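Right, one structure below, let's go through it.
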Amino acid sequence: MSGTKYECEVFSANDFVVSWGINEDDALGPPETCALGDIYCLTPDSHFHPLTLHLGTTITVLDAHSHIFSDNATVSPLCQLRFMAQDGDILDVILLAIDRQRFGLPLSPIRAGTSYSLIDIDTTDTALRLSEIVHGCFGAGTRVTMADGGLVPIEQLDQGDMVLTRDHGAQPVRWLGKVTLRGYGAFAPVVIPEGGMGNLRSLKLAPRQRIFVYQRGDKRLGHRAEILLQAHHLVGSAGITQNEGGFVDYYSLAFDAHQIIYAEGVPMESMLVSRAAVTRLPAALKSDLEARYPNLNHKPHFALEMSSDMLSGPMRDMIFTRS
């Protein structure tokens, strides 16, 4: 069977209900019934359903893990919904149709008890976005700043090694994961040339790896001084490219808490370990991390993640002026 296998978690559309707005008291409906500005919240008894998807010519359920779904059922992406929490955090959810039922697949951790305002409905290219659910990582050879100021290639790190973090000083590596993927499409590495963002050497990153930027002064992107930018949003600026071809080794680092570390001198996030995040890892990484550290559960870093529609024209120039 050709294609790619993903383990993920989804929630029933019936568990995501409008608390205020045009569709008040209604569950998450099909795209044509959704209304911008409606405020959603997970119901108190909501819970996620694990399943494994096969992404090939069509998308199917490879392993249902429960009676909720049928194995080999066709999965039809309906749209991508973008929500904003009251604190400004962005949540993207792919709305899926499976076995004549609707389910939401969150692309970042969703918080129970938090209100989310619907700010965008996108029905284009949703199927392709399912291939983006693997979290970001670093390419082989990326040098990480250690507690003593030295630089060590990420593949040479081991559990217990002390890495310098931005907010909490020296922290021990809790877990190091590796996955090898074909470097095409959503998995093609983003390459930042030497000096492109102040980096000491060329950087090779997974497209969804997030870069930390601290903004000084009053002129800012978003409402916070600290922002996180996915690497693929920066392609086309400062010589940054996304290069397809062959296979690529990606490495991920996890600590006791979600951290900002330094890769080739540039602040980057470490792996965010949460129930929602871990289930979206490739199966080999997921099983290894869960087996070693079953109780790891991070609170996300407070920095605001910036979406692509916030990074156009002069906004993008501001980032590289600060780098």
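The values are calculated or read from the model by the stated rules, or taken from the named source; none is laboratory data. Everything numeric here is computed off the predicted structure, so don't read it as measured data. Cβ sites come from the backbone with ideal geometry, for glycine too, and all protein chains shown count toward neighbours. The accessibility values were calculated without ligands, DNA or RNA, using every heavy atom of the protein model including side chains. Shrake-Rupley method; radii C 1.70, N 1.55, O 1.52, S 1.80 Å.
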Selection from segment 1-60 of residues that are of a type in the set (Phe, Trp, Tyr) and at pLDDT 80 or above
Phe11, Phe16, Trp20, Tyr40, Phe48
Taking interchain pairs and intrachain pairs at least six residues apart, which have beta carbon atoms under 6 angstrom, with the first residue in segment 171-199 and open to solvent by 20 Å² or more (accessible area, probe 1.4 Å) and the second among the charged types (D, E, K, R)?
Arg174/Asp256; Thr180/Asp249; Tyr184/Glu244; Ala186/Glu132; Val191/Lys204; Glu194/Arg201
Gln242 passes all but one of (1) more than 27 Å from Gly160 (Cβ to Cβ); (2) open to solvent by less than 40 Å² (accessible area, probe 1.4 Å); (3) modelled with pLDDT of 85 or more; which number fails?
(2)
Filtered residues of segment 27-47 (kept if open to solvent by less than 80 Å² (accessible area, probe 1.4 Å) and in a loop (DSSP other than H, G, I, E, B))
Leu28, Gly29, Pro30, Cys34, Ala35, Gly37, Asp38, Thr43, Ser46
Is it the case, given these coordinates, that Arg166 is open to solvent by 20 Å² or more (accessible area, probe 1.4 Å), over 18 Å from the mean Cα position of the chain (by Cα), farther than 24 Å from Cys8 by Cβ and at pLDDT 80 or above?
yes
